[in-house]
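Throughout, read-outs are computed from the coordinates displayed, never taken from laboratory work. Since the structure is predicted, the reported quantities are computational estimates derived from the model, not experimental observations. Every residue, glycine as well, gets a Cβ built from its backbone with ideal geometry; the counts of neighbours run over all protein chains shown.
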Amino acid sequence: MIDWAGLMALGLGQLRLLPAQFWGLTPVELMMMAGVTPGGTPRLGRAQLDALCAQFPDT
């Protein structure tokens with residue numbers, strides 16, 4: 001089952017795509033724009049890296 005509400009919130013809300021742009025994308029393109037790799041693993045962003053560094057500092 002596809003979470004259309006979630007995908008639309010991602011594309012139209014977070015990514016600020018126009019409706020025509022959103023509907024013209026393939027699911028893979030949308031996921032890549034969202035920072036999810038084809039294998040389904042989210043990319044590590046700077047904020048997540050900083051949080052991990054704070055949680056597990058090098059000693």
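Can you work out the Karplus-derived ³J(HN,Hα) for every residue in the range 47-59? Use 6.51 cos²θ - 1.76 cosθ + 1.60 with θ = phi - 60°, whole Hz, and x for glycine or proline.
So the Karplus estimates, Gly and Pro as x, are 4, 5, 5, 4, 5, 5, 5, 5, 6, 10, x, 6, 10 Hz.
Work out, step by step, the length gained on full extension between Met32 and Met8: first 0.36 nm times the residue separation, then minus their alpha carbon distance; give nm to one decimal.
Values: separation 24, 0.36 × 24 = 8.64 nm, distance 1.49 nm.
Here the answer is 7.2 nm.
For the chain, just the Cα set please: Rg and Dmax, both in angstrom.
Cα-based Rg and Dmax for the chain come out at 14.9, 51 Å.
Go ahead and run the numbers for FRET between Leu15 and Arg46, Cβ-Cβ distance against an R0 of 22 Å, rounding to 0.05.
Working: r = 18 Å, r/R0 = 0.82.
For R0 = 22 Å, the calculated efficiency reads 0.75.
Under 5 Å between amide hydrogens, which residues at least 5 positions from Leu17 or on another chain qualify, with H placed 1.01 Å from N in the peptide plane?
HN-HN under 5 Å from Leu17: Leu12.
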